[in-house]
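Enquirer: Here you go, one structure.
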Amino acid sequence: DIQMTQSPSSLSASVQDRVTITCRASQSVSNFLNWYQQKSGKAPKLLIFAASNLQTGVPSRFSGSGSGTDFTLTISSLQPEDFATYYCQQGYSTPLTFGGGTKVEVK
Amino acid sequence: EVQLLESGGGLVQPGGSLRLSCAASGFNFRSYVMNWVRQAPGKGLEWVSGISGGDIKTDYTGSVKGRFTISRDNSKNTLLLQMNSLRAEDTAVYYCAKATYYDSSGYLYGMDVWGQGTTVTVSS
């Protein structure tokens, strides 16, 4: 199974901060890396697919980069509605696997 | 509107069985890989199982192989998960989720539509 490791597991930030979350795969997943946002008690929401493609309707302050084993999710200017938990997920091979999550909290 | 609605969750004793359903609407159901993803209380997301659009190929995470069976009824736009020999560690919210692109792309591009989830509690 491909292991996905996210860092940090949590971070504190303020509105308008630039936030970066990293995700590392235990082996290459090419560019088949997806990012989700989950708010408390809600279903996850797809933000970015195939490493850098913004899902329809997602604000452009979200961006993704990387390939192979190392990936990054960036929020260019954090907004109040962005405080949530973020997960990476590889779609390269089954079983599909998620990172452990990064909780973005108010500083 | 594209929508997924899960049902069938509840409280079950260890060793028991439960069948989850997911009713899909607003898209060509038979053309998409469908998935079950779960989240234990206070924990992260775990992919459980997936099935191709034509019901030809099924996949499972290791901890549920031989106990859970995924299936679909394309005539009724319904995804199913039969769960047998349930354990305490299967306690979770179970989500059904649609693959982002057509069946030929498989699991590659993530899951773009999710249901609201149904809660399964395994306890004596």
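Enquirer: Ignoring any ligand, DNA or RNA, what whole percent of the accessible area of chain B comes from carbon and sulfur when the probe is 1.4 angstrom?
Expert: 48 percent
Enquirer: Take chain B, connect every pair of alpha-carbon atoms lying under 10 Å apart with a spring to form a Gaussian network, then pick out the residue of B:Asp90, B:Asp112, B:Asp59 with the largest mean-square fluctuation.
Expert: B:Asp112
Enquirer: How many times 2.2 N^0.38 Å is the alpha carbon radius of gyration of the protein assembly as shown?
Expert: Here the Cα radius of gyration is 0.99 times the empirical estimate.
Enquirer: Still on this structure, I have one more. DSSP beta bridges in the protein assembly as shown, what fraction antiparallel, as a percent rounded to 5?
Expert: 90 percent
Enquirer: Within the set of other residues whose C-beta is less than 13 Å from the C-beta of A:Glu105, count the net charge using Lys and Arg as +1 and Asp and Glu as -1.
Expert: Net charge around A:Glu105: +1.
Enquirer: Here is a further query. Looking at the range B:7-63, what % of the alpha carbon pairs are farther apart than 13 Å?
Expert: Cα-Cα pairs of the range B:7-63 separated by over 13 Å account for 72 percent.
Enquirer: For the range B:96-114, which residues drop by 50 square angstrom or more in accessible area between the chain on its own and all protein chains together (1.4 Å probe)?
Expert: Checking the loss per residue gives B:Tyr107, B:Leu108, B:Tyr109, B:Met111, B:Trp114.
Enquirer: Using the Karplus curve 6.51 cos²θ - 1.76 cosθ + 1.60 with θ = phi - 60°, work out ³J(HN,Hα) for each residue of the range A:58-75 in order, rounded to whole Hz, and write x for Gly and Pro.
Expert: Karplus values, whole Hz, x for Gly and Pro: 7, x, 6, 5, 8, 8, x, 8, x, 6, x, 10, 10, 9, 9, 10, 10, 10.
Enquirer: So, one more: Could you tell me how far the Cα centroid of the range A:20-68 sits from the Cα centroid of the range B:1-61, in Å?
Expert: The range B:1-61 and the range A:20-68 have Cα centres spaced 21 Å from each other.
Enquirer: Considering the Cα positions of chain B, please state its Rg to one decimal place and its Dmax as a whole number of Å.
Expert: Taking only Cα atoms of chain B, I get Rg and Dmax of 13.6, 43 Å.
Enquirer: Too long at a 20 Å Cα-Cα cut-off: which of B:Lys57/B:Lys98; A:Lys39/A:Lys107; A:Lys42/A:Lys103; A:Lys42/B:Lys98; A:Lys45/B:Lys57; A:Lys42/B:Lys43?
Expert: In this structure, A:Lys45/B:Lys57 exceed 20 Å between Cα atoms.
Enquirer: With the contact rule set at Cα under 8 Å and sequence spacing of 6 or more, what percent relative contact order holds for the range B:58-124?
Expert: 27 percent
Enquirer: Please compute the Cα-Cα pair-distance distribution of chain A with 5 Å bins starting at 0, giving whole percents from short to long.
Expert: Calculated P(r), rounded to whole percents: 3, 14, 26, 26, 19, 9, 3, 0.
Enquirer: Measuring from the lowest to the highest alpha carbon on each principal axis, how far does the range B:47-111 reach, largest first, in angstroms?
Expert: So the extents along the principal axes, rounded to whole Å, are 35, 25, 19.
Enquirer: So between B:Ser25 and B:Thr78, what do we pick up on full extension, going 0.36 nm a residue minus the alpha carbon distance?
Expert: Fully extending the segment from B:Ser25 to B:Thr78 adds 18.2 nm.
Enquirer: Taking 0.36 nm per residue of separation and subtracting the Cα-Cα distance, what length does fully extending B:Gln3 through B:Ser124 add?
Expert: Residue separation times 0.36 nm, minus the Cα-Cα distance, leaves 40.2 nm.
Enquirer: State, as an integer percentage, the relative contact order of chain A based on alpha-carbon contacts under 8 Å between residues 6 or more apart.
Expert: With pairs under 8 Å counted, the relative contact order is 39 percent.
Enquirer: Here's something else I'd like to know. Which residue, A:Val58, A:Val29, A:Val19, has the most motion in a Gaussian network model of chain A that connects Cα atoms within less than 10 Å?
Expert: A:Val58
Enquirer: Still on this structure, I have one more. Got a sec? Which residues of the range A:21-44 lose 30 Å² or more of accessible surface with every protein chain in place, vs. that chain alone, 1.4 Å probe?
Expert: When all protein chains are present, A:Phe32, A:Tyr36, A:Gln38, A:Ala43, A:Pro44 each give up 30 Å² or more of accessible surface.
Enquirer: Can you give the accessible area per residue of the protein assembly as shown, in Å², using a 1.4 Å probe?
Expert: I get 45 Å² per residue for the protein assembly as shown.
The values are calculated or read from the model by the stated rules, or taken from the named source; none is laboratory data. Quick caveat: nothing in here was measured; it's all calculated off a predicted structure. With ideal geometry, Cβ positions are generated from the backbone for all residues, glycine too; neighbour counts draw on all protein chains shown. These area figures cover heavy atoms from the full protein model, side chains too; ligands, DNA and RNA do not enter into them. Shrake-Rupley method; radii C 1.70, N 1.55, O 1.52, S 1.80 Å.
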